[in-house]
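Nothing in this text is a laboratory measurement; each read-out follows from the coordinates by a stated rule. Given the structure is predicted, the values throughout are model-derived calculations rather than measurements. A quick note on method: Cβ atoms are made from the backbone with ideal geometry, for glycine too, and the neighbour counts reach across all protein chains shown.
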2 protein chains.
Amino acid sequence: MQTSSDSTKPLREIEGYWSVEALKGWVKEVFLRIGCSEDHARMAAALLVAADLKGIDSHGVARLPGYVRLWRKGRINPDPQWRWTQRMSAVAVLDADGALGLVAGQVAMEKAVELAGRYGTAQVLVRNSNHFGIAAEHALVAAGRGMVGWAMTNASPLVSPLGSNKRILGTNPLCYAFPSAGHHPPWVLDMATSAASNGKLELAAAAGQAIPLGWATDQAGHETNSPGALQVGGALLPLGSTSEGGVHKGYGLGALVDLWSGLLSGAAFGPWVPPFVDFLEPATGGPGPGIGHAFGALAIEALMDNEVYRQRMERWSQVFHDAGLVLHGMPEWEQRSKRLVEGIPYTKEGLKALVDLGDSMDLLAPGQ
Amino acid sequence: MQTSSDSTKPLREIEGYWSVEALKGWVKEVFLRIGCSEDHARMAAALLVAADLKGIDSHGVARLPGYVRLWRKGRINPDPQWRWTQRMSAVAVLDADGALGLVAGQVAMEKAVELAGRYGTAQVLVRNSNHFGIAAEHALVAAGRGMVGWAMTNASPLVSPLGSNKRILGTNPLCYAFPSAGHHPPWVLDMATSAASNGKLELAAAAGQAIPLGWATDQAGHETNSPGALQVGGALLPLGSTSEGGVHKGYGLGALVDLWSGLLSGAAFGPWVPPFVDFLEPATGGPGPGIGHAFGALAIEALMDNEVYRQRMERWSQVFHDAGLVLHGMPEWEQRSKRLVEGIPYTKEGLKALVDLGDSMDLLAPGQ
């Protein structure tokens, strides 16, 4: 186990656990090397490390080499010029100029909080962006300022609703965060609109396990147990999985996220959303630039005094807790508390990929 | 088959089909008899008939006797005094004074459209209300005025997420409607956040059929095939149904609707949401009055010119249609077109319940 006192040791000597501060500093350095400003590098590093702290390892530092590869291909602009459009008071649209979505998301959410502070609620849409990390980190910006916050994004097509064998939607996550009350952390729903994420299939494949029916279809559009379905032309299924299970609802939610963050922002949508991986080329002739996000905020003070909210939210949380239910946001909160103390564990392969990335950029590990 | 030329015939002579105009006039008369104003009776009748037109028979005129029974018990106020609170420009809260939700929903949505017309987006919350009919009819008020509209409501507890055997959430529907483009009708997602609605269980029970696993649990909290599960202390399951299927997402969406429409509006929430049926008494000591709703609107003109939206929405709709997918809102639209011409079919039992209701109110059927 490593704590922050180990941050002077070179990365390659640290086995299994990295301290949070060491990691954050090193990731920031990587973003600086690709040309991000000090501010942007700090924001992006904080977002990736926040995901690892919460145990959402698929959206954390493990994705850093992927961002760098996209930058090498010219598909991420480390020095974006924000282009804002505001046609009405409580709504703004940001053309992110090909920025890191990690940064564009934080900037857009700040705008949503600013406008909601003035009008009570606001919507901010973003086009021409890239993968924005975990949605919760954006929505929580509002929750930390006494507002309900939301964040969604479209993503490259991996999902095919039953009745079609075309991948037409991404896993299109949506997230809502409510301010904390009493000893409860913020309530945070952060969910892909597919039944399972690609990451779950990868874990099953690595473990040599079959996946449950309802997660994916094969190339012919039939349900499959194979965790390698996506590699052979298959697709993920929307939440609900089957007609009886309500798959039209999951498909509808995925479509809603695509319409809101892609169509309304002016970005690409549906089958044209650019892939997050560098080895797949973006489709041509699409309806707009880059990935689209949607953010928004609703100020509690526009509805009731904060103290009234606190009492109501405590009562709500307590009755759900007493019924034996997990409150959304709590598992990640607990994981975060643990990892802040113990450090963040990585697999050997994960560590090697990060160290290799550092080497390829002549980047000194912390302390060297 | 009955058309509007039959509207002079007494109801009891009309077998199986009622014309739309005859039905609407008769339903309005019932609402007038319980003390609604002309305006409110017209709105409420239009909403119930709209549900029948779209084939959502469970939310249509079949519910009229239930509304009347609630009124007889003093649980619906036919002559409400609207009490508005507005603490910030783009957000309003309505205490509906125990009104019909059918009417409160329309009034609240009108306010959302008015505020969004001024600020670009708006949120309107409602407390102290009752069942609001089909969510889509409220969201579509905005879609008809060039805005994205949304509508949600909490409902009396019938849903128990796995891991708890307490009914703690309603079927808590959420609805989003996008303005139509070209020859496509508005895109409308209107979904319960449970895997299946109570109505589906009733249909299965009437047909003597088992229900699929994943819809309901028995009293012990285990999945069941019995369509009578709710009558013996069982519960509905959230969308996703099982841990593997992503039930935490359906539970999260149901909780989101409860938080938004119940907690934020100042209404009852969770296990305290009052039942829609007159033979169950509301819980006492709850956190607020009546059912809660949430509405909102986002003006297209705050984002882009309407012509640009139209082109983008047509392209989006076409690519989903070409992939063999049903567009949300289309089946109801087609049903409506058919029933506007052919009239609305009812079962004999359904007709008898309506005629009995009329008799109990000394109400003359149309033409008598």
Item to check | Overall Cα dimensions of the protein assembly as shown - principal axes, largest extent first, Å | outcome: 94, 53, 51
Next on the checklist: As an exercise, identify the chymotrypsin sites (Phe, Trp or Tyr not before Pro) in region A:230-302 lying in DSSP coil whose Cβ has no more than 11 other Cβ atoms within 10 Å.
Outcome noted: A:Phe279
Checklist entry - Which of the listed residues, A:Thr153, A:Ser19, A:Leu47, is farthest toward the dipole's positive end in chain A, when Lys, Arg count +1 and Asp, Glu count -1 at the beta-carbon? => result A:Thr153
Item to check | Cα-Cα pairs of chain B separated by more than 41 Å (percent) | outcome: 10 percent
Checklist entry - Fewest to most neighbouring Cβ within 10 Å: what's the order for B:Asp52, A:Asp359? => result A:Asp359, B:Asp52
Next on the checklist: For region B:289-333 and region A:19-89, what is the centre-to-centre distance using only Cα atoms, to the nearest Å?
Outcome noted: 33 Å
Item to check | Distance cut-off 16 Å, percentage of C-alpha pairs in region B:196-236 lying past it | outcome: 18 percent
Next on the checklist: How large is the translational diffusion coefficient of region B:326-367 in µm² per second when you combine the Kirkwood radius over alpha carbon pairs with Stokes-Einstein at 10 °C and 1.306 mPa s?
Outcome noted: 126 µm²/s
Item to check | Given charges at beta-carbon only (K, R positive; D, E negative), |dipole| of the protein assembly as shown in Debye | outcome: 440 debye
Checklist entry - Where is the GNM fluctuation largest for chain B (alpha-carbon springs, 10 angstrom cutoff): B:Asp190, B:Asp39, B:Asp218? => result B:Asp39
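Would you calculate a helix-derived [θ] at 222 nm for chain B, using -39,500 (n - 2.57) for each DSSP H run of n ≥ 4 and dividing by the full residue count, to the nearest 500?
Mean residue ellipticity at 222 nm (helix-derived): -11000 deg cm²/dmol.
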Checklist entry - Comparing B:Gly105, B:Gly343, B:Gly199, which has the greatest mean-square fluctuation in the GNM of chain B with Cα pairs linked when under 10 Å apart? => result B:Gly199
Checklist entry - How well do other chains shield peptide B:287-299, expressed as the mean number of their Cβ atoms within 10 Å of each residue Cβ? => result 2
Next on the checklist: Placing the label point 7 Å from Cα along the Cα-to-Cβ direction, what are the distances from A:Arg69 to the equivalent spots in the other copies, shortest first, in nm to one decimal?
Outcome noted: 6.2
Next on the checklist: As a test of the definition: which semi-axes, in Å, follow for region A:245-325 when you take the square root of five times each eigenvalue of its alpha carbon gyration tensor? Largest first, please.
Outcome noted: 38, 18, 12
Checklist entry - With the contact rule set at Cα under 8 Å and sequence spacing of 6 or more, what percent relative contact order holds for chain B? => result 22 percent
Checklist entry - How long are the three semi-axes of the equivalent ellipsoid for region B:82-124, computed from the Cα gyration tensor as the root of 5 times each eigenvalue, in whole Å, largest first? => result 19, 12, 5
Checklist outcome for this item: Across the alpha-carbon set of region B:279-343, Rg over Rh with Rh taken as the Kirkwood radius works out to 1.21
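Return the inverse of the average 1/r over all pairs of distinct C-alpha atoms in region B:25-112, which is the Kirkwood hydrodynamic radius, in Å to one decimal.
13.6 Å
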Checklist entry - Given Cα pairs under 8 Å that are at least 6 residues apart, what percent is the relative contact order of region B:196-236? => result 38 percent
Checklist entry - Which of B:Leu100, A:Ala92, B:Asn130 sits closest to the plus end of the dipole of the protein assembly as shown, meaning its Cα is farthest towards the positive end, when Lys and Arg get +1 and Asp and Glu get -1 on the C-beta? => result A:Ala92
Item to check | Span from the region B:111-178 Cα centroid across to the region B:196-243 one, whole angstrom | outcome: 25 Å
Item to check | All-pairs alpha carbon distance profile, region A:200-341, 10 Å steps from 0, percent | outcome: 10, 19, 31, 27, 12, 1
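Can you give the alpha-carbon Rg of region B:79-210 over 2.2 N^0.38 Å, where N counts its residues? Walk me through the numbers before you get to the answer.
Values: Rg = 16.9 Å, N = 132, 2.2 N^0.38 = 14.1 Å.
Normalised Cα radius of gyration, region B:79-210: 1.20.
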Checklist outcome for this item: Comparing B:Lys24, B:Lys352, B:Lys111 in a Gaussian network model of chain B (Cα, 10 Å), the one with the largest mean-square fluctuation is B:Lys352
